[in-house]
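Just below is one structure, and these are the notes that go with it.
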Amino acid sequence: LILVLYSKSFLLHNSLFLVHYSRRSCRISPIFDVNATGLMVIIVFGLPGSGKSYFASRLAADLKALYVSTDELRLKLIPKRKYTDAEKALVYDSVEAMMADALRDKKPIVLDGTFYKESLRKKFEHTAGKFNEKIIYIEVTAPEGIIEDRLKQPRQYSEADYGVYLLL
């Protein structure tokens with residue numbers, strides 16, 4: 001598994017942490033304190049089957065941050081999903097509103113989704129900027145063979161299969 005860590009503002013010295021990741025466990029050793037640095041929004045993104053939800057949920061727990069998954073939210077908001085642009089907009093607009101609420105309440109938050117469009121990431125950055133906050137981006141990737149194997153298995157919240165992966 002390869003993790004690419006970066007932020008729009010290049011605050012790498014304040015956003016790095018050690019990740020010990022294997023197929024069965026994930027241990028995170030923060031090098032920064034979210035509350036002390038004021039860095040309150042982390043977006044974990046990547047393609048379906050990359051391991052982003054596994055990683056993001058554990059990161060949020062380790063940092064004692066709120067955790068929002070686009071997959072989980074989609075299942076709650078949309079009973080019969082067709083994955084239209086309107087459905088995607090509804091999900092990401094809801095996530096953005098939850099991020100704004102967390103920032104208003106001064107609570108750290110980890111967002112988990114594909115965040116596949118730059119315009120979408122810019123929209124989130126704009127909202128975070130209203131609170132004088134920056135977003136830390138973590139991209140999670142995995143070799144295609146591992147992704148293909150993972151996407152053959154049923155997953156609790158995601159309906160994306162290998163065909164969806166190939167489309168992205």
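Okay, here's what the table says:
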quantity	calculated
Selection count, segment 90-129, where residues are free of Cβ contacts under 8 Å to residues at least 12 places away in the same chain and in a loop (DSSP other than H, G, I, E, B)	2
Selection status of Leu168, of a type in the set (A, V, I, L, M, F, W, C) and at pLDDT below 85	yes
Where a residue in segment 52-76 is closer than 19 Å to Arg121 by Cβ and part of a helix (DSSP H, G or I) and its partner, wherever it lies, is of a type in the set (Gly, Ala, Ser) and at pLDDT below 85, with Cβ under 6 Å and at least six apart	Lys52/Gly46; Asp71/Ser158
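The values are calculated or read from the model by the stated rules, or taken from the named source; none is laboratory data. The model shown is predicted, which means the values in this text are computed figures rather than measured ones. Glycine also receives a Cβ, built like all others from the backbone with ideal geometry; neighbour counts cover every protein chain displayed.
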